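S.K.: Pasting in a structure now, in structure tokens, and then I'll have a few things to ask.
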Amino acid sequence: MSKKGYKHTIEAKEKIRLHSAKYWLGKKRPPLSPEHNAKLHAKAKGNQYTKGMKFPNRKRPPTKSEETRKKHGAYKGTKAMHWKGGGWQYQKRQTLMRDDWTCQMCKIQDRDIVIVDHKIPKKLRPDLIHDPANLWVLCANCHMRKTKQDFILILKVRADARASKKQNG
Ligand SMILES: [Zn+2]
């Protein structure tokens with residue numbers, strides 16, 4: 001704001017410069033002095049919008065009592081009444097975390113190429129699909145190699161089954 005015939009002093013000009021949003025764009029403001037902070041807090045305490053907020057953290061008071069939250073927390077996630085062992089995404093994440101994104105064959109650790117694989121192929125043991133002990137982490141390279149071996153293994157198992165059926169029947 002400029003009044004006619006009024007001139008800002010050099011200090012006032014500097015103050016205006018430091019208070020403009022343009023000056024602070026992309027910069028981090030220095031922390032407020034403790035006195036200034038206390039002053040702001042004292043002012044905000046009477047404000048209707050900050051009612052019930054705790055200072056200086058400005059956290060809302062919990063809507064549920066501590067006891068209720070504890071009670072509800074005890075039946076969350078794996079402890080929930082309807083927990084059925086989690087979906088595939090959950091199991092995958094658990095396996096990746098357990099093996100720390102490391103290929104269990106060549107011990108390469110690369111988050112971009114690791115895959116969660118079934119040790120015993122799904123086709124041979126469908127009942128072990130969601131068994132954590134049957135899951136491990138492999139890299140794309142080792143997974144390709146293992147899939148080939150699995151394919152041969154499945155053919156072999158099926159041929160054996162057919163042969164035993166012929167013998168019996
Ligand atoms: Zn590997």
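S.K.: If you average 1/r across every pair of different Cα atoms in the chain and take the reciprocal, what Kirkwood value do you get, in Å?
M.R.: Roughly 24.0 Å, rounded to one decimal.
S.K.: Could you name the lysines whose alpha carbon sits less than 21 Å from that of Lys7, not counting residues in the same chain fewer than 8 places away?
M.R.: Reachable lysines: Lys15.
S.K.: Only four residue types carry charge here, +1 at the Cβ of Lys and Arg and -1 at the Cβ of Asp and Glu. Report the dipole size of the chain about the Cα centre in Debye, rounded to the nearest 20.
M.R.: So the magnitude is around 980 debye.
S.K.: If you place +1 on the Cβ of every Lys and Arg, -1 on the Cβ of every Asp and Glu, and leave all else neutral, what size is the dipole of the range 85-168 about its Cα centre, to the nearest 20 Debye?
M.R.: 500 debye
S.K.: Okay, moving on. Going by C-beta contacts inside 10 Å, put Arg17, Arg145 in order with the fewest on the left.
M.R.: Arg17, Arg145
S.K.: List the lysines whose Cα sits under 16 Å from the Cα of Lys70, skipping any in the same chain fewer than 8 residues away.
M.R.: Lys79
S.K.: Show that you can apply the helix-only estimate: for the chain, add -39,500 (n - 2.57) for every DSSP H stretch of four or more residues, divide by all residues, and state [θ] at 222 nm to the nearest 500.
M.R.: -14000 deg cm²/dmol
S.K.: Quote the FRET efficiency, to the nearest 0.05, computed for Gln104 versus Ile129 with a Förster distance R0 of 25 Å and r equal to the Cβ-Cβ distance.
M.R.: Efficiency at R0 = 25 Å is approximately 0.85.
S.K.: Which of Ser20, Thr147, Val116 sits farthest toward the positive end of the charge dipole of the chain, with +1 on the Cβ of Lys and Arg and -1 on the Cβ of Asp and Glu?
M.R.: Most positive-ward Cα: Ser20.
S.K.: Cut-off under 25 Å on the C-alpha distance; same-chain residues fewer than 8 positions from Lys146 excluded. Which lysines are left, in chain and number order?
M.R.: Lys92, Lys107, Lys119, Lys122, Lys123, Lys156
S.K.: Would you mind getting me the FRET efficiency between His82 and Asn168? Use the beta-carbon distance for r and R0 = 45 Å, nearest 0.05.
M.R.: It comes to 0.55.
S.K.: Any idea which of Cys106, Gly86, Pro62 is furthest toward the positive side of the dipole for the chain, if Lys and Arg beta-carbons carry +1 and Asp and Glu beta-carbons -1?
M.R.: The residue sitting farthest along the positive end of the dipole is Pro62.
S.K.: If a/c stays under 1.5 just call it rounded; otherwise compare a/b with b/c (prolate if a/b is bigger, oblate if not). Do that for the range 122-161, with a ≥ b ≥ c from the square roots of the Cα gyration tensor eigenvalues.
M.R.: oblate
S.K.: Turning to a different aspect of this structure: Output the direction-averaged projected area (hull surface divided by four) of the convex hull of the alpha-carbon atoms of the range 85-168, in nm².
M.R.: 6.2 nm²
Bear in mind these aren't lab numbers, they're just calculated from the coordinates by the rules spelled out. These numbers were taken from a predicted model, which means no experiment stands behind them. Note: ideal-geometry Cβ built from the backbone for every residue, glycine included; neighbour counts use all protein chains shown.
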